[in-house]
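Below is one structure, written out as structure tokens; the observations come after it.
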Amino acid sequence: DHKKKGLLSKLSVAFSRDQREKFYVQHKLKEQSKEVVKWIDEGAFIYVCGDMKHMAKDVLNTFVEIISEQKQLTPEQAREFVQSLRKSRRYQEDVY
């Protein structure tokens, strides 16, 4: 267990298929946007795994949105910020 080993300090989950109302990863990101941006500022790595067609795009757009809001950047500046995370391999995707 990664949490017991100290490798993981928090795990937030979103189950889109286990309930009547759909609750996706991007909803959880928005719900915790201040904390997510704080983690990024502290050097967090982001791993996005799953559906390429919808989920990955929606999660990427949500990251741009919350970074724009929390860091008071324009959407274009926020996209560039996320791109810099990709270049430094701090935003990685394993999508299919």
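Every read-out reported here was derived from the displayed coordinates using simple, explicitly stated rules and does not represent laboratory data. Fair warning: this is a prediction, and the values are worked out from it, not measured in the lab. Here the Cβ positions follow ideal geometry from the backbone for every residue, glycine too, while neighbour counts run over all protein chains shown.
For this structure, a couple of remarks:
- Residue match in segment 6-24 (condition: assigned to a helix (DSSP H, G or I), under 13 Å from the mean Cα position of the chain (by Cα) and either aromatic (Phe, Trp, Tyr) or surrounded by fewer than 17 Cβ atoms within 10 Å (Cβ to Cβ) (or both)): no
- Matching residues in segment 69-82 - criterion: being without any contact (Cβ under 8 Å) to a residue 24 or more places away in the chain and either farther than 17 Å from Tyr47 by Cβ or among the aromatic types (Phe, Trp, Tyr) (or both): Gln72, Leu73, Thr74, Pro75, Glu76, Gln77, Ala78, Arg79, Glu80, Phe81
- Residue in segment 74-92 that is touching a Gly at 6+ places or on another chain (Cβ under 8 Å) and basic (Lys, Arg) present: yes
- For segment 63-96, the set of residues classified as in contact with a strand residue (DSSP E or B) (Cβ under 9 Å, 6 or more places away or on another chain) and of a type in the set (Asp, Glu) consists of Glu93, Asp94, listed by residue number.
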